[in-house]
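Quick notes on the structure that follows.
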Amino acid sequence: MEMKQTLMQLALAGLLATASLMAQTPYDEGQKAIRDQRWAEAADQFELAIESDREQADSATYWRAYALFQAGRDREAERELRRLERKYPDSRWVREGQALRIEHQDGERVIEQAASDDSVMDDELRLFALAQLMDRDPERALPMVLDLVHNADSQNIRQDALFVLAMSEEPEAMRTLAGVARDSGDPELQVAAIHILGSVSTDESLPLLAELYSANAAPKVREAVIHAYIGSDQPQRLVTIFESETDPELRQSIIHSLGAMDATDELQALYPTLQDKEQRVAVIEAFSIAGDSAMLKQVLDSEADPEIRRAALFGIAMEDGEEAVSYLETLYASAKSSEEKNAILQALTMMDDARDLTMKIIRTESDPELQRQAIQTLGVQDGVEQLEELYASLTDRDARRTVLEAMSIADSSDSLIRVLQGEQDEDLRITAINYLGVAGDEPAGNYLDSLYSTGSKAEKSAVIQSMMIMDDTEGLINLMKQEKDPDLKRQILQMLTVMDSEESNQYLFEMLEKDE
């Protein structure tokens, strides 16, 4: 069951990733036009989005104003911002619009607003304005930013103020940032300061990171320094602290960070020196993060440990191309253990390219567990037609039951209905009825309702349970009114009491009142 859930999650993640790449609405098209800096087209698309999508009308208004500003049509942009404030006063996009307005005002007006009191400008808008001013008038802006670092009520504002300091070349700005990075009085702000030190990556910040790591025993601070080195693109510094680090979790974090930095040379040098299996697996994962498929293949050529091989197989799957598919299919042909064959099947499933292998396994493999996993994989990959053909060709009841489960994974109530229209085995019919309840769509509900009158007592009982799973109160009440069998009536009554809906409560009260 764990394997099924894993496969379903992987398939869902793939579907979501694919869907996210498809721009289908005017809002999506507007965002795409902004990314391509086609400002006029973006403004037109967001105007359509305002008219067609009420749920996103406020954000579409903001983005239309943004595109108009970028196109140099400031008056139209200002009108959009006023419309945003008038029609959606409670929207978070009003605040974004205020910041956008400040960004496009002239420097003198921004200075006046930044120096005004809190009744005119809150901390967030003050900081936005000050960020614009740090280059124009740092002498006046810096004290205001420092005040926000130390005194702002919002932790987010304090962290953003630190980032504004990091952009400054003023010595006082770096001294403040370094002081916060050393001070554990506010751990969250300290971690933010450390990350910022890594992102600015100066001659002053990098030695400070090394000092913080060696001087501070707190794992949270050390972890922050590790992540900061990713931002500074300093793989050799990570290797240096790895050599002296003894904490297993921090060592793994360093390894993964090297992968995020594409530090394949450092990883290749590190891998042979490691004895701990978990850390070797971490390096395999880092190779995958870095996209070093050549090294992953070398690992598969030389390593015998199943766990390490499994990590390398999944790393190959992340490459997600025809060459990777071909390589994994070739590897399957020479695989000796069912464990490795199953790992290859999972890897191909991650790539949404496992149908050919699943059918090969079903036709040629004798291991029943491997066959079961292959059938479930067909369900994950929506191989409905293959599943129906497979069901018709099988005679083993357990194998057929697995196919029914795969049909449920594929969310194919139509396939389950077609099975019920031809299947005579009562146990299999009950299994299909149960999975129809899990499907819970309208065709499933309609078919279960029609099936009840002709089904056996056991099948009727299964229909009752499925209707309860589907939360079909009306259907159960209708069955209660027509059913004569005392056992089935009792079962329906029990289901209605469990459901606790207004409709079921009303029906139960009516029954009780009639008995008085």
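Every read-out reported here was derived from the displayed coordinates using simple, explicitly stated rules and does not represent laboratory data. As the structure is a prediction and not an experimental result, all values here were calculated from the model. All Cβ positions, even for glycine, are placed from backbone atoms using ideal geometry, and neighbour counts span all protein chains on display.
Couple of notes before you dig in:
- By the count of other C-beta atoms within 10 Å, a proxy for reagent exposure, Tyr447, Tyr62 are ordered fewest to most as Tyr447, Tyr62.
- Computed over segment 238-283: relative contact order in percent, which uses C-alpha pairs under 8 Å that are six or more apart: 39
- In plain terms, the residue of Val299, Val384 with the fewest other Cβ atoms within 10 Å comes first and the most crowded comes last, giving Val384, Val299.
- In order along segment 176-183, the Karplus-derived 3J(HN,Hα) couplings, from 6.51 cos²θ - 1.76 cosθ + 1.60 at θ = phi - 60°, round to 5, 4, 5, x, 5, 5, 7, 8 Hz, and Gly and Pro are given as x.
- Space enclosed by the convex hull of the alpha-carbon atoms of segment 423-501, per residue, Å³: 83
- ³J(HN,Hα), Karplus 6.51/-1.76/1.60, whole Hz, each residue of segment 452-462, x for Gly, Pro: 4, 5, 9, x, 5, 4, 5, 5, 4, 4, 5
- Added length on full extension, which subtracts the Cα-Cα distance from 0.36 nm per residue, Arg182 to Arg490: 103.9 nm
- Take the Cα of Arg86, step 7 Å toward its Cβ, do the same at Gln236, and the gap between the two points is 6.2 nm.
- Each Cα pair under 8 Å and six or more residues apart adds its separation to the average, and for segment 221-307 the resulting relative contact order is 26 percent.
- Helix 426-439 and the longest principal axis of the Cα set of the chain meet at an angle near 30°.
- In order along segment 44-59, the phi-based Karplus estimate (6.51 cos²θ - 1.76 cosθ + 1.60, θ = phi - 60°) of 3J(HN,Hα) comes to 5, 5, 5, 5, 5, 5, 4, 7, 9, 9, 5, 5, 10, 4, 5, 5 Hz; Gly and Pro are listed as x.
- Note: relative contact order over the chain, using C-alpha pairs below 8 Å and six or more positions apart, is 6 percent.
- When the charge dipole of the chain is built from unit charges on Cβ atoms (+1 for Lys and Arg, -1 for Asp and Glu) and taken about the Cα centre, the candidate among Ser408, Ser201, Leu394 whose Cα reaches farthest toward its positive end is Leu394.
- Sites Asp398 and Glu503 - FRET efficiency at Förster radius 30 Å, r taken between beta-carbons, to 0.05: 0.15
- Computed E for Asp137/Asp471 - FRET, C-beta separation, R0 51 angstrom, nearest 0.05: 0.20
- Under 21 Å from Lys457, Cα to Cα: lysines that are on another chain or at least 8 residues apart: Lys481, Lys484, Lys489
- In the chain, the calculated helix contribution to ellipticity at 222 nm averages -24500 deg cm²/dmol per residue, counting -39,500 (n - 2.57) for every DSSP H run with n ≥ 4.
- Net charge over other residues, Cβ less than 11 angstrom from the Cβ of Ala161 (K, R count +1; D, E count -1): -2
- Where a label projected 7 Å from the Cα of Gln421 along Cα→Cβ would reach, residues of segment 438-458 with amide N under 18 Å: 441-455
- Residue among Leu162, Ser214, Ala269 farthest towards the positive dipole end of the chain, charges placed on Cβ: Ala269
- Cα gyration tensor, the chain - rounded (a/c under 1.5), prolate or oblate: oblate
- With Cα atoms, 0 to 90° folded angle of helix 355-364 axis to the chain main axis: 40
- Extending 7 Å from Cα along the Cβ direction at Met359 and again at Glu389 yields two label points whose distance is 0.5 nm.
- Label point 7 Å beyond Cα of Asp414 along Cβ direction - residues of segment 441-476 with amide nitrogen under 14 Å: 442-444
- For segment 275-321 versus segment 131-172, the gap between their alpha-carbon centres in whole angstrom: 44
- What the Cβ-Cβ distance of Ala304 and Asp262 gives, at R0 = 25 Å and to the nearest 0.05, is a FRET efficiency of 0.35.
- Going from the fewest other Cβ atoms within 10 Å to the most, the residues Glu442, Glu285 appear in the order Glu442, Glu285.
- Here the spin labels are modelled as points 7 Å beyond Cα on the Cα-Cβ line, and at Gln482 and Glu243 they lie 8.1 nm apart.
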